[in-house]
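Taking it in order: structure first as structure tokens, then the write-up.
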Amino acid sequence: MINIVAEIGLNHNSDVEIAKKLIDIASIAGFNFVKFQKRNPDVCVPEEQKDVMRDTPWGKIRYIDYKNKLEFGFNEYFEIDRYCEQKGIGWFASAWDIESAEFLKGFLNMVKIPSALITNLELIKYCRDNFKTLLISTGMSTEEEIEKAVEVGKPDVIFHTNSCYPSEIDELALEYISWLQEKYPLSAIGYSGHEFGIITTLATVPLRVEWIERHVTLNRMMWGSDQLSSVEPVGMFKLVKGIRDIERAMTGYNKRKLFDSEKKKREELRK
């Protein structure tokens, strides 16, 4: 059964109530996990970008101040942790630096390395040593970079993804999933989609992915760079139902089987 992840990321716009609404929807729709992102902006934001002024929902402020406002701290994640437990849904996060990974270690035994950090071998090693389950995404990466990350991290899950938001359909390269499955048989292979719509994401189910991840939002017109390529609430329900229906349709037999329902129709039509 495929693990389905609702990537909330930073689409909560620093509002715990928005995060809770998305957790509610993901839980009811049947997602297995919700996912967040944790970073220390002082470490992750390049020095030349920190003082650049930017229009934001909080007014025109420095980019570093904007990034800090987006981040949840201990109190917010403590509340999220308790809320997910109440709703019966798992959660984890991407760690963008070692300090953030250390923070997450206080809550989780599962962490993800985002595509942007797949070449940060120090971070990958830290996460491998400190978390039971390690997931990595492979967007923006060369084959050699992926090989090195897998060698160092020995990830439990490897996600194929295109890191453009939104991704062009003819650049999704879904057949690469089969290559990853053949090359890394000890890891589960997943798909993290950033394309418009859910059809191409559903197309990964017959490819035998074991994880599927999509960004989710209450409204694609909300503030934030990830909102437009995210799935809205109605789409969240359609995505999970589509995945589960395809799984059911594929389950069963590799030889022709005459079902009882067909036997009845056979009697009617072949008299």
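Out of (1) surrounded by 14 or more Cβ atoms within 10 Å (Cβ to Cβ); (2) on the phi < 0 side of the Ramachandran plot; (3) part of a loop (DSSP other than H, G, I, E, B), the odd one out for Met140 is which?
Checking Met140 against (1) surrounded by 14 or more Cβ atoms within 10 Å (Cβ to Cβ); (2) on the phi < 0 side of the Ramachandran plot; (3) part of a loop (DSSP other than H, G, I, E, B), the one that fails is (2).
Across segment 71-86, what is the total count of residues that are assigned to a helix (DSSP H, G or I) and out of contact with any Lys or Arg (no Cβ under 9 Å at 6 or more places or on another chain)?
9
For the subset of segment 23-68 comprising residues that are aromatic (Phe, Trp, Tyr) and at pLDDT below 90, which member is farthest from Pro233 (Cα to Cα)?
Once the filter is applied, the top-ranked residue is Tyr63.
Look through segment 195-208, keep the residues that are of a type in the set (Val, Ile, Thr) and more than 13 Å from the chain's Cα centre (by Cα), and return whichever of them is surrounded by the fewest Cβ atoms within 10 Å (Cβ to Cβ).
Once the filter is applied, the top-ranked residue is Ile199.
Read through the list (1) within 20 Å of Asp156 (Cβ to Cβ); (2) out of contact with any Pro (no Cβ under 8 Å at 6 or more places or on another chain), then give the number of the only condition that Ile136 fails.
Going through (1) within 20 Å of Asp156 (Cβ to Cβ); (2) out of contact with any Pro (no Cβ under 8 Å at 6 or more places or on another chain) one by one, Ile136 breaks only (2).
Name the residues in segment 25-64 that are over 26 Å from Leu117 (Cβ atoms) and buried (at least 17 other Cβ atoms within 10 Å of the Cβ), would you?
Ile25, Ser27, Ala29
Count, please, the residues in segment 201-254 that happen to be within 30 Å of Pro185 (Cα to Cα), touching a helix residue (DSSP H, G or I) at 6+ places or on another chain (Cβ under 6 Å) and assigned to a helix (DSSP H, G or I).
Final tally of qualifying residues: 4.
Would you confirm, using the coordinates I've provided, whether Asp156 is free of Cβ contacts under 8 Å to residues at least 40 places away in the same chain, surrounded by fewer than 16 Cβ atoms within 10 Å (Cβ to Cβ) and not hydrophobic (A, V, I, L, M, F, W, C)?
It is false that Asp156 is free of Cβ contacts under 8 Å to residues at least 40 places away in the same chain, surrounded by fewer than 16 Cβ atoms within 10 Å (Cβ to Cβ) and not hydrophobic (A, V, I, L, M, F, W, C).
With the requirement that a residue be surrounded by fewer than 22 Cβ atoms within 10 Å (Cβ to Cβ) and either in contact with a Gly (Cβ under 8 Å, 6 or more places away or on another chain) or among the polar types (S, T, N, Q) (or both), what does segment 11-24 give you?
Asn13, Ser14
Of all the residues that make up segment 224-262, how many are surrounded by 10 or more Cβ atoms within 10 Å (Cβ to Cβ) and either in contact with a Ser or Thr (Cβ under 9 Å, 6 or more places away or on another chain) or over 27 Å from Arg208 (Cα atoms) (or both)?
Looking only at that region, the number is 14.
Does Lys105 count as over 30 Å from Lys238 (Cα atoms), among the charged types (D, E, K, R) and out of contact with any helix residue (DSSP H, G or I) (no Cβ under 6 Å at 6 or more places or on another chain)?
No: the conditions fail for Lys105.
The values are calculated or read from the model by the stated rules, or taken from the named source; none is laboratory data. Only a predicted model underlies this, so the values are computations on that prediction, with no experimental measurement involved. Counting neighbours? That spans all protein chains shown, and the Cβs are built from the backbone with ideal geometry, glycine included.
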